[in-house]
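Undergrad: A single structure is presented below for examination.
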Amino acid sequence: MIDMALTFAFACFGLGFAMCLWRTIFAPSVPDRILALDTMVVNVIALIVLYGAVTDSGLYFEAALLFAMTGFVSSVAYAKFILRGDIIE
């Protein structure tokens, strides 16, 4: 039963990742692209955690945590760059 649930979750998050990738490429404005990239980071984190559950390894959970921190900082930096034109004040 858990195998079917994990397969379903992989399919859902993979579809979400593909939709965010499409939105990143074909978005009408830059803020839409930033939001799509941020959502794509969340989907990648979910896929990493699911893969860690499948392989029963704790290493993937730590990798997901590092990816989450990096994704948050990069989203904030990119949004700040778009709004102000400068990252470092």
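Undergrad: Enter the angle in degrees (range 0 to 90, nearest 10) between the Cα long axis of helix 2-26 and the first principal axis of the Cα atoms of the chain, meaning the one along which they spread out most.
TA: 20
Undergrad: For the chain, what relative contact order do you get, as a whole percent, if you take Cα pairs closer than 8 Å and at least 6 residues apart?
TA: Normalised by residue count, the contact order of the chain is 25 percent.
Undergrad: Turning to a different aspect of this structure: As I understand it, the value is the acute angle between the Cα axis of helix 59-84 and the longest principal axis of the Cα atoms of the chain; what does it come to in degrees, rounded to 10?
TA: 20
Undergrad: Turning to a different aspect of this structure: Along the three principal axes, how long is the chain when you take its alpha carbons, biggest first, rounded to the nearest angstrom?
TA: Largest to smallest, the principal-axis extents are 50, 27, 12 Å.
Here, each number is a calculation from the coordinates, and none is a lab measurement. Predicted, not measured: the structure shown is a model, and the values here were computed from it.
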